[in-house]
Amino acid sequence: MQQESETSGLSNTISAMQSISISMPSAGNKIITVVDENAQGFSINGVGDDSCPPLETLGNNAEPKAVMFLSRPMSKGSSIGEADNDSQRFKDKNFDSFKTWSGKLERQITSLSGRSRKFDSEEESTQTPENEPLPVDRYFDALEGPELETLRSTEEIVLPDDKTWPFLLRFPISSFGICLGVGSQSVMWKALASTTSTRFLHISLTANLILWWIAVALVAVVSSIYLLKVILYFEAVRREYYHPIRVNFFFAPWISLLFLSLGLPPSVSSNLPEPTWYILMTPILCLELKIYGQWMSGGQRRLSKVANPSNHLAIVGNFVGALLGASMGLKEGPIFFFAVGLAHYLVLFVTLYQRLPTNETLPKELHPVFFLFVAAPSVASMAWAKIRGSFDYGSRIAYFIALFLYFSLAVRVNFFRGFKFSLAWWAYTFPMTGAAIATMRYSSVVTNVLTQTLTVILSLVATLTVTSLLVTTMLHAFVLRDLFPNDVAIAISDRKPKHHRKWFLPSLFSPFFFVESSTEKRV
């Protein structure tokens, strides 16, 4: 009888064990079992438990308690040993916050495949908000170095810094500076071949034709690459637009096209249709309405706060456009842009010249952009001469200002030495070329040995500078492959570093004192 009782108890125990459902989750990392809290017969928690009592404690009438079942679908082919392989099925999402579509379709596919929605919500909550632009103070606080592109030691970025980013994320808007340098060279060599005061050089228009096609190729390549960046990584473009220095380079693509129009070889076309000028000046006008309004509004981006030499790019487009329009025979439009450029150039010149005590000194690597001081008055002198029909006193005043600024910077050799190569060096080229072209126009009116010699010297210096920079740029781009490092300037966090007070006891006889140390902690 006792043997039958034990057999019956064992059967009940096996029945109770068979009534429990064990299900494998799709991730394959846990065994989930839910049993009624009052059940004392059997329990599994995690991968196993020793809480099962001996079989002798189970009576003949032992019945299994109520059991709750928790079942989750198991994806085909998943197992505990394949947990790591599941994470490789989805693309790297570290850059989703900068993608135009932000990986929404991927998250929908993920939820349909059984991935936890809680994990997705936590992942989305860690991303930087895309609706609010970063304030300009964050750029000044978090960045340093040439063009404010180096991250300070107390800051962190929202993108991984231990891997190389996609090329489009590393391609900055300042790359259009190359187009400005080569495009202005095509204009200069066209002037050398056609100006009366330089006919003794016997320059052929072939040089202008070659440089023009090189400039066209550069503009096409750089524009295509950046257009892909706009399409695929719009958030990165938006962060560049709010960058206090790089926002000025958004004028560079349109100024480059203006240079191509000015340097158009006669063998390609003798005249441009008038609508071309209106098409090229429309985006410049739109940018000016936005940026000049911010300068005047007194907000975070007022001119006294964000003023730097690269702001000249936002000014010089007016004078280049006025020069092209006057060359095409237009009147009112060129005068309008010349007036707008002159008014804002005077304000910018005074603001940069005095450098308010509240403004920080520009980093040494940014010194090449000081040559942008020369660009605006050089082009303004030629634009006014074209509008008036002669190189009169107004044109000469602008030219002499440009010439004085050029020499005042050129004699400061140590001011432009001691830092590594960057795209900021292309800021040398366009102002130097503009000064050389303006000198040609002046020498056509005041022709003598001095003006002709000055024309040759400035043209030679500008050509050598562009050539050396073009070779150096190609060397860093294709040989050293360090021209486009990770662009941390667009990946700064919106979180400010926290300052913590630490107490020190320097000696037994001196009181406690504290110092503030800046550390970055994620909230």
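The values are calculated or read from the model by the stated rules, or taken from the named source; none is laboratory data. None of the values given here were measured: they were computed from a predicted structure. Counting neighbours? That spans all protein chains shown, and the Cβs are built from the backbone with ideal geometry, glycine included. The area values use the complete protein model at the heavy-atom level, side chains included, leaving out ligands, DNA and RNA. Shrake-Rupley method; radii C 1.70, N 1.55, O 1.52, S 1.80 Å.
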Does V182 satisfy the criteria of being open to solvent by less than 10 Å² (accessible area, probe 1.4 Å), part of a helix (DSSP H, G or I) and among the hydrophobic types (A, V, I, L, M, F, W, C)?
yes
Do we find a residue being over 12 Å from Y399 (Cβ atoms), in a loop (DSSP other than H, G, I, E, B) and not aromatic (F, W, Y) anywhere in the range 424-435?
no
Quick check: is even one residue across the range 405-413 open to solvent by 30 Å² or more (accessible area, probe 1.4 Å) and closer than 24 Å to S174 by Cα?
yes
Applying the selection to the range 334-343, what residues are open to solvent by less than 20 Å² (accessible area, probe 1.4 Å) and among the hydrophobic types (A, V, I, L, M, F, W, C)?
F337
Hand me the list of helices (runs of 4 or more DSSP H) wholly inside the range 256-333 holding 2 or more residues that are open to solvent by 20 Å² or more (accessible area, probe 1.4 Å), without any contact (Cβ under 8 Å) to a residue 60 or more places away in the chain and not aliphatic (A, V, I, L, M).
274-297
Just to be sure I understand the filter: pairs with C-beta atoms under 7 Å, separated by 6 or more residues or on different chains, first member in the range 471-498 and modelled with pLDDT of 85 or more, second member open to solvent by less than 60 Å² (accessible area, probe 1.4 Å) and among the β-branched types (V, I, T). Which pairs pass?
T473/I178; L483/T473; V488/I157; A491/I157; A491/V158; I492/I157
